[in-house]
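See below for the structure under consideration.
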Amino acid sequence: MRTDTADVEQLATPPAFQRISFGRKFKNNLATTLFGAAFVVAVVPLLWVLWTLLERGLKPLFSSTWWTNSFNGLLPNDFGGGINHALIGTLLQGLVCAIISVPLGIMVGVYLIEYGRQSRFARIATFMVDILSGLPSIVAGLFIYALWITTFGFSRSGFAVALSLVLLMLPVVVRVTETMLLIVPDELREASYALGVPKWKTILRIVLPTALSGILTGVMLGLARVLGETAPLLILVGYSSSISYNLFGGEMASLPLVIYMERSTGTVAGDYRMWGAALTLVLVIMLINLVASLLSRLLAIKTK
């Protein structure tokens, strides 16, 4: 009797692999086709832009003076010169932006996760970070112009550009810091508290080192994003074709500004320099991304 019952139950059990219906196969194939078509639609323009950039911008990069000279003394129709002045301006502005926004963004992120949580001030700070996350670059430039130049009376300068870039980079640093601190296991904090370590020392010695890899990666990616902004440059600093190290006064060049100014000349030589500056900017941002990836691997917590 038991054997018959076991046979009946075995026959009633459905097979492990059932036959897939025609409708499910059709939907799967349709979704795969649509996904592939969307991928092609997105990649083809990107490849076309990259090919055009390499085709037109690669020649200036192999010039003997491109990395060492500036455009000082060149007329709109003259070929030659170099991008050194714009590289210096871009790196100086990005450095000042990072010096201001990185410590401030990390401290805000630490407060929101480790101290503020659901407090009223933390909600206000989160709301302000959300506003800054969607802030257009032209609005950031106009705000710094109204505050720094019109209200305080300072002159247009590279430092004013760096301040506007801080407004764009700060929310990126805050969000990255929040995300990485949330990933850190609470068990690490609790173990440190159990040993009698104060909270501030736990954050400095355990929490931040654990999250440092991801925070630095986000910082580098945020810096790469703001270095390509053009709108604040047009408002807050004038263009100089010569090398300038003065961040607090006078004109200063940068890679996005060179692209805009050379494009406005409408000459063949201007287009030559414009495409070279555009490819140089892409290489600089790519280098920053590679450095971010390298730092992420070197500073990541090693596990067996």
Quiz item: If the chain between Val291 and Lys27 were fully stretched, how many nm would it gain, using 0.36 nm times the residue separation less the Cα-Cα distance?
Solution: 90.8 nm
Exercise. Please give the FRET efficiency for Asp271 paired with Ile20, using the beta carbon to beta carbon distance and R0 = 35 Å, rounded to the nearest 0.05.
Key: 0.05
Quiz prompt | Sparse-neighbourhood loop sites, chymotrypsin sites (Phe, Trp or Tyr not before Pro) in the stretch 101-176 - DSSP loop, at most 16 other Cβ within 10 angstrom | solution = Phe152, Phe154
Quiz item: Mind listing the phi-derived Karplus ³J(HN,Hα) values for the stretch 154-162, rounded to whole Hz, using 6.51, -1.76 and 1.60 with θ = phi - 60°, and x for any glycine or proline?
Solution: 6, 7, 5, 6, x, 5, 4, 4, 4
Quiz item: Most mobile of Met128, Met261, Met220 per a Gaussian network model of the chain (Cα springs, under 10 Å)?
Solution: Met128
Self-check item: For the chain, diffusion coefficient by Stokes-Einstein and Kirkwood Rh (Cα), 37 °C, 0.692 mPa s, µm²/s
Solution: 140 µm²/s
Quiz item: Relative to the present Cα-Cα distance, how much length would full extension add between Leu34 and Leu91 at 0.36 nm per residue of separation?
Solution: 16.3 nm
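Stretched out fully, how many nm does the piece from Tyr260 to Ile100 gain, at 0.36 nm a residue minus the Cα gap?
Gain on stretching Tyr260 to Ile100: 54.9 nm.
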Practice problem: Calculate what fraction, in whole %, of the accessible area of the chain sits on carbon and sulfur atoms when a 1.4 Å probe is rolled over the protein chains. | Solution: 69 percent
Practice problem: Please report how far the C-alpha centroid of the stretch 231-281 lies from that of the stretch 18-36, rounded to the nearest whole angstrom. | Solution: 52 Å
Practice problem: With a 1.4 Å probe and every protein chain left in place, work out the accessible area per residue of the chain in Å², rounded to a whole number. | Solution: 60 Å²
Quiz item: Exactly which chymotrypsin sites (Phe, Trp or Tyr not before Pro) in the stretch 38-104 are in a DSSP loop and have at most 14 other Cβ atoms within 10 Å?
Solution: Phe62, Trp67, Phe79
Quiz item: Anyone know which of Gly57, Gly73, Gly196 comes out most mobile in the 10 Å Cα GNM of the chain?
Solution: Gly196
Exercise. With springs only between Cα atoms under 10 Å apart, run a GNM on the chain and tell me which of Ala224, Ala122, Ala191 wobbles the most.
Key: Ala191
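Which chymotrypsin sites (Phe, Trp or Tyr not before Pro) in the stretch 235-304 pass both tests, a DSSP loop state and at most 14 other beta-carbon atoms within 10 Å?
Tyr245, Phe248
The values are calculated or read from the model by the stated rules, or taken from the named source; none is laboratory data. This one's a predicted model, so the numbers in the text were calculated from it and none came from an experiment. Cβ sites come from the backbone with ideal geometry, for glycine too, and all protein chains shown count toward neighbours. The accessibility values were calculated without ligands, DNA or RNA, using every heavy atom of the protein model including side chains. Shrake-Rupley method; radii C 1.70, N 1.55, O 1.52, S 1.80 Å.
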